[in-house]
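Notes for the one structure printed next.
The values are calculated or read from the model by the stated rules, or taken from the named source; none is laboratory data. All of these numbers come straight from a predicted model, not from anything done at the bench. Ideal geometry is used to build each Cβ from the backbone, glycine not excepted, and the neighbour counts take in all protein chains shown.
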Amino acid sequence: FQPKVLAGRRVLVTAGPTFEAIDPVRGITNLSSGKMGYAVARAAREAGAEVLLISGPTALATPFGVRRIDVQSAQQMHDAVLDHLDGQHVFIAVAAVADWRVVNASDQKLKKQADGAVPELQFAQNPDILATVAARTNLAGFPYCVGFAAESENLVQFGSSKREKKGIPLLVGNIGHNTFGQDDNTIILFDEDGHTVLPRASKLELARQLISEISKRIAKISLL
Ligand code: C5P
């Protein structure tokens, strides 16, 4: 049984990898399974929130009671998030968004060349969805923005500087190497007061703890 600490709240979550097309049958993606983001969406719903999950390609079932919109590319994820941002109280960016997209993607399947010439891919930087949403936070502090970081070294130092750089009140760092695809994780929460470690547990258990931490923080800003 989960207390309904987010009853009446609307929560938007991004999850999974993105897929950046090279041609109609090929693309660039990453090893995100979507498990952490789906666990966060499930935990938010268990806590009574109305949850919208914007997901890159994953093999996961939609959590009970959660509305899901599927996207492929970072640009599509960005557009879907901005289209649904109105009225959201919390935005939790869990997706592993590709930093770059292929600008010269081909409409036709690329063919192997007889002379062995290889395709030359050109890249452009994708929009930072989290930073874009954070820049739109209203004076009351909504949507309350939460980011994830998967740094492998010096997490404590990177965590607090990344939180500031993104302009968000709460950043979740994954400790433990290669949590992609795993069922367990260890996380650190960075906020303006410092950092707190949530010890190793299942992604669902950590997601529930994270939702409880978020609900405490938004209860505080709601009182301001
Ligand atoms: O800068 P970095 O990619 O490490 O930041 C990770 C955080 O930012 C995650 O919360 C991720 O979902 C979000 N992000 C985003 N859009 C991007 C890149 C990252 O929303 N283009």
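Worth a mention:
- Among the residues of region 21-40, those that are buried (at least 23 other Cβ atoms within 10 Å of the Cβ) and farther than 19 Å from residue 82 by Cα comprise 32, 34, 35, 36, 38, 39, 40.
- Qualifying strands (runs of 3 or more DSSP E) (wholly inside region 119-224; at least 3 residues being of a type outside the set (Lys, Arg) and more than 15 Å from residue 92 (Cα to Cα)): 123-125, 184-191, 194-202
- Among the residues of region 172-191, those identified as modelled with pLDDT of 95 or more and either among the aliphatic types (A, V, I, L, M) or exposed (fewer than 15 other Cβ atoms within 10 Å of the Cβ) (or both) are 172, 189.
- For region 158-178, the count of residues that are within 13 Å of the ligand (Cβ to nearest atom), of a type outside the set (Ser, Thr, Tyr) and closer than 16 Å to residue 77 by Cα is zero.
- Test for residue 70: is it under 11 Å from residue 54 (Cα atoms), in contact with a strand residue (DSSP E or B) (Cβ under 6 Å, 6 or more places away or on another chain) and more than 11 Å from the ligand (Cβ to nearest atom): yes
- Qualifying residue in region 70-90 (condition: surrounded by fewer than 22 Cβ atoms within 10 Å (Cβ to Cβ), assigned to a strand (DSSP E or B) and not basic (Lys, Arg)): yes
- The single condition among (1) away from the ligand (no atom under 14 Å from the Cβ); (2) in a loop (DSSP other than H, G, I, E, B); (3) among the hydrophobic types (A, V, I, L, M, F, W, C); (4) surrounded by 22 or more Cβ atoms within 10 Å (Cβ to Cβ) that residue 43 does not satisfy is (2).
- Out of 72, 2, one residue alone is polar (S, T, N, Q), at negative phi and more than 16 Å from the chain's Cα centre (by Cα). It is 2.
- With respect to the stated conditions, residue 39 is in contact (Cβ under 8 Å) with a residue 40 or more places away in the chain, within 20 Å of residue 204 (Cβ to Cβ) and among the aliphatic types (A, V, I, L, M).
- Taking (1) of a type outside the set (Asp, Glu); (2) free of Cβ contacts under 8 Å to residues at least 12 places away in the same chain; (3) closer than 17 Å to residue 40 by Cβ in turn, residue 190 satisfies each apart from (2).
- Across region 91-120, the number of residues qualifying as surrounded by fewer than 13 Cβ atoms within 10 Å (Cβ to Cβ) and either more than 16 Å from the ligand (Cβ to nearest atom) or more than 31 Å from the chain's Cα centre (by Cα) (or both) comes to 13.
- Number of the condition not met by residue 51 [criteria: (1) touching a Cys at 6+ places or on another chain (Cβ under 6 Å); (2) away from the ligand (no atom under 16 Å from the Cβ)]: (1)
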